[in-house]
Amino acid sequence: MSELVPQLPLALRAPPEERLSRYVDAPLGLPDALRALAAGASASGVYLHGAHATGKTHLLLATCAEAEDAGLRAAYLALRGLRGRVRAAAEGLDAADLLALDDLDAIAGSREDEIALFDLHNRLRDAGRGLLYAAADAPDALGLGLPDLRSRLAQCARWALPVLDDAGRAELLRQRAAARGLDFEDAALEWLLRRASRDLGNLTAIFDRLDRASLAAQRRLTVPFLRQVLEADPG
C-alpha cells in the first residue's frame, strides 16, 4: 500500500487510549451498538456524525480494537487527503471483517470517489462485513452527489456525537492521566481548562506535551509546573 495513504491496515494496533470504555459522555446505547458491530453480531452499519473534536476517530479506532481483540480483522481508513484516490486507497480492504471509514465529508462531491465508496459499501455488505462511518454531518447534509450512496448511508444506524462540556473535558484529562500513571492535581487541571482551547485536539496535544515534560523532569502536574512548561513554550 502506498505510504501516502493514511490507513491502519489489517491487524492494526490502535493506541491503547483509544478504547470504548474511555470515551466520555457517549450517547446512551452507542457503546453497546459499537461492541456488537465489532463482534460481528450486528447486520447494520453504523454512521457517526458530529462537530470537529467530538471523538469520532477515537470511536472508530476503539471499535477496530474491539474487533481485533475478538480475533477479527479490522481496518481503518481516513478519507481526508484522498480526494480522487479512494478506489486505489481501498484496494484490499474487502478482506476486513470490520472496516472503519473516517472523514467522509472530505470526498463529498467527487463523483469518482463516491462511486468507489458505493461499490466498496456494497461489496462488504454483500459479504456480511461490518461497516463503520464517521463524518461531520448526517448523510443528507454532506453534499453527496450520488443518490444511491446517500441511500446506503442513510440505512446505517446513525448516532450524533455531543460536544463535551467543561466537566466532560476534565473527565477526559483525568482518564488520560490515570491511564499513564500521572498525578494530575485538581487545581492544575482546573488551571489548564481555564486557559486551554475548548478544541479537544488542541487540549490533548497540550496534555501530551505535559506528559513528556513531567516524565523528563520527574515532576507532578501542579500549577507551577504547568505554568513553567506552557509559558516557556506556548506552542
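Only one residue in 217, 141 is free of Cβ contacts under 8 Å to residues at least 60 places away in the same chain, within 21 Å of residue 78 (Cβ to Cβ) and surrounded by fewer than 17 Cβ atoms within 10 Å (Cβ to Cβ). Which one?
Working: 217 fails: within 21 Å of residue 78 (Cβ to Cβ).
Result: 141 is the single residue among 217, 141 that is free of Cβ contacts under 8 Å to residues at least 60 places away in the same chain, within 21 Å of residue 78 (Cβ to Cβ) and surrounded by fewer than 17 Cβ atoms within 10 Å (Cβ to Cβ).
Which condition number does residue 13 fail, the rest of (1) part of a strand (DSSP E or B); (2) modelled with pLDDT under 90 being met?
Result: residue 13 passes all but (1).
Among the residues of the stretch 57-108, which ones are closer than 22 Å to residue 126 by Cβ, of a type in the set (Gly, Ala, Ser) and either without any contact (Cβ under 8 Å) to a residue 24 or more places away in the chain or open to solvent by less than 60 Å² (accessible area, probe 1.4 Å) (or both)?
Within the stretch 57-108, 67, 74, 75, 89, 90, 92, 95, 96, 100 qualify.
Hey, can you tell me all the residues within the stretch 180-224 that are among the hydroxyl-bearing types (Ser, Thr, Tyr) and over 22 Å from residue 57 (Cα atoms)? Working first, answer last.
The initial filter retains those residues of the stretch 180-224 that are among the hydroxyl-bearing types (Ser, Thr, Tyr), namely 197, 204, 214, 222.
Of everything in the stretch 180-224, those that are among the hydroxyl-bearing types (Ser, Thr, Tyr) and over 22 Å from residue 57 (Cα atoms) turn out to be 214, 222.
Test of understanding: among 205, 188, 170, 179, which residue is under 30 Å from residue 42 (Cβ atoms) and of a type outside the set (Val, Ile, Thr)?
Details: 205 fails: under 30 Å from residue 42 (Cβ atoms); 188 fails: under 30 Å from residue 42 (Cβ atoms); 170 fails: under 30 Å from residue 42 (Cβ atoms).
Exactly one of 205, 188, 170, 179 is under 30 Å from residue 42 (Cβ atoms) and of a type outside the set (Val, Ile, Thr), namely 179.
What tally of residues in the stretch 102-117 results from selecting those that are over 21 Å from residue 67 (Cβ atoms) and assigned to a helix (DSSP H, G or I)? Walk me through how you get there before you give the answer.
Going through the stretch 102-117, the residues over 21 Å from residue 67 (Cβ atoms) turn out to be 105-116.
Retained after the next criterion (residues that are assigned to a helix (DSSP H, G or I)): 105-107, 111-116.
Of the residues in the stretch 102-117, 9 are over 21 Å from residue 67 (Cβ atoms) and assigned to a helix (DSSP H, G or I).
May I ask you to list the residues in the stretch 39-68 that are under 23 Å from residue 136 (Cβ atoms) and either among the small types (Gly, Ala, Ser) or in contact with a Ser or Thr (Cβ under 6 Å, 6 or more places away or on another chain) (or both)?
Filtering the stretch 39-68 for residues under 23 Å from residue 136 (Cβ atoms) gives 44-64.
If the condition is that a residue be under 23 Å from residue 136 (Cβ atoms) and either among the small types (Gly, Ala, Ser) or in contact with a Ser or Thr (Cβ under 6 Å, 6 or more places away or on another chain) (or both), then 44, 45, 50, 51, 53, 55, 62 are the ones that fit.
How about the stretch 181-235: which of its residues are among the small types (Gly, Ala, Ser) and in contact with a Lys or Arg (Cβ under 9 Å, 6 or more places away or on another chain)?
Step one: filter the stretch 181-235 for residues among the small types (Gly, Ala, Ser), giving 181, 187-188, 196-197, 201, 205, 213-214, 216-217, 232, 235.
The answer is 188, 196, 213, 214, 235.
Working only within the stretch 175-192, note down all residues that are under 25 Å from the mean Cα position of the chain (by Cα), of a type outside the set (A, V, I, L, M, F, W, C) and exposed (fewer than 13 other Cβ atoms within 10 Å of the Cβ).
Once the filter is applied, which keeps residues that are under 25 Å from the mean Cα position of the chain (by Cα), of a type outside the set (A, V, I, L, M, F, W, C) and exposed (fewer than 13 other Cβ atoms within 10 Å of the Cβ), the stretch 175-192 yields only 181.
Would you mind stating whether residue 135 is surrounded by fewer than 18 Cβ atoms within 10 Å (Cβ to Cβ), in contact with a strand residue (DSSP E or B) (Cβ under 9 Å, 6 or more places away or on another chain) and either modelled with pLDDT of 95 or more or more than 22 Å from residue 68 (Cα to Cα) (or both)? Spell out the reasoning first.
On the way: surrounded by fewer than 18 Cβ atoms within 10 Å (Cβ to Cβ): no; in contact with a strand residue (DSSP E or B) (Cβ under 9 Å, 6 or more places away or on another chain): yes; either modelled with pLDDT of 95 or more or more than 22 Å from residue 68 (Cα to Cα) (or both): yes.
Answer is no for this residue.
Evaluate the following for residue 198: is it open to solvent by 30 Å² or more (accessible area, probe 1.4 Å) and either acidic (Asp, Glu) or touching an Asp or Glu at 6+ places or on another chain (Cβ under 9 Å) (or both)? Let's see the steps before the verdict.
Numbers: open to solvent by 30 Å² or more (accessible area, probe 1.4 Å): yes; either acidic (Asp, Glu) or touching an Asp or Glu at 6+ places or on another chain (Cβ under 9 Å) (or both): yes.
Criteria met by residue 198.
Is it fair to say residue 33 is part of a loop (DSSP other than H, G, I, E, B) and out of contact with any Pro (no Cβ under 7 Å at 6 or more places or on another chain)?
Details: part of a loop (DSSP other than H, G, I, E, B): no; out of contact with any Pro (no Cβ under 7 Å at 6 or more places or on another chain): yes.
Criteria not met by residue 33.
Conditions tested, residue by residue: (1) in a helix (DSSP H, G or I); (2) farther than 14 Å from residue 37 by Cβ; (3) hydroxyl-bearing (Ser, Thr, Tyr); (4) at pLDDT below 95.
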| position | (1), (2), (3), (4) |
| --- | --- |
| 58 | yes, yes, no, yes |
| 72 | no, no, no, yes |
| 94 | yes, yes, no, yes |
| 119 | yes, yes, no, no |
| 128 | no, no, no, yes |
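The values are calculated or read from the model by the stated rules, or taken from the named source; none is laboratory data. Being a predicted model, the structure only gives us computed values, none of them experimental. Quick reminder, even Gly has a Cβ in these numbers, built from the backbone with ideal geometry, and neighbours come from all protein chains shown. Just the protein is used for accessible areas: all its heavy atoms, side chains included, with ligands, DNA and RNA removed. Shrake-Rupley method; radii C 1.70, N 1.55, O 1.52, S 1.80 Å.
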